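As C-alpha cells, the structure follows; a few thoughts come after it.
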C-alpha cells in the first residue's frame, strides 16, 4: 500500500476530504519521526512499537577482499517490534 492509497482509504472511511486525510496522515508521520529523532519509543496499541537502536562502528570486507577493508561509522537505526494483535492477524 502506498501513502496515496492510504490517504484515499482514510478519506473514504472517515468521510473526510483527501486534503484533510492527507493532513492528518502527514501530521501522524511527522510526529512519529519527531519522537524517534528524540530517541523516544512510539507505541501504537494493536500494531507495535517503533524504537531507535545504536549501531557501533564495524569493519567490513567486501567479498573477502582484504585490500578493500572499510569502516562503517556508527549510526542509529529504526526498529519495529510487531504487536500481538497484528502478529496474530497476519500469521
Compactness ratio of segment 1-40: Cα Rg over 2.2 N^0.38 Å, N = residue count?
-> 1.30
Quick one: if you stick a label point 7 Å off each Cα along the C-beta vector at residue 28 and residue 87, how many nm between them?
-> 2.3
Taking r as the C-beta separation of residue 19 and residue 47 and R0 as 25 Å, the FRET efficiency to the nearest 0.05 is 0.50
Which angle from 0 to 90°, rounded to the nearest 10, does the C-alpha axis of helix 3-13 make with the longest principal axis of the chain?
-> 20
Shape parameters for the chain, alpha-carbon atoms, Rg then Dmax in Å = 19.1, 61
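Given axes a ≥ b ≥ c from the Cα gyration tensor, I'd like to know whether segment 41-91 is rounded (a/c under 1.5), prolate (a/b larger than b/c) or oblate.
Numbers: a/c = 8.11, a/b = 2.47, b/c = 3.28.
Oblate shape, in that a/c is at least 1.5 and b/c is the bigger or equal ratio.
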Mind pulling the angle between the C-alpha long axis of helix 18-37 and the longest principal axis of the chain? Nearest 10 degrees, somewhere in 0 to 90.
-> 30
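Just so you know, all these numbers are worked out from the coordinates, no wet-lab data involved. What you see is a predicted model, and the numbers here were worked out from it, not measured in a lab. So basically every Cβ, Gly included, is an ideal-geometry build from the backbone, and we count neighbours across all protein chains shown.
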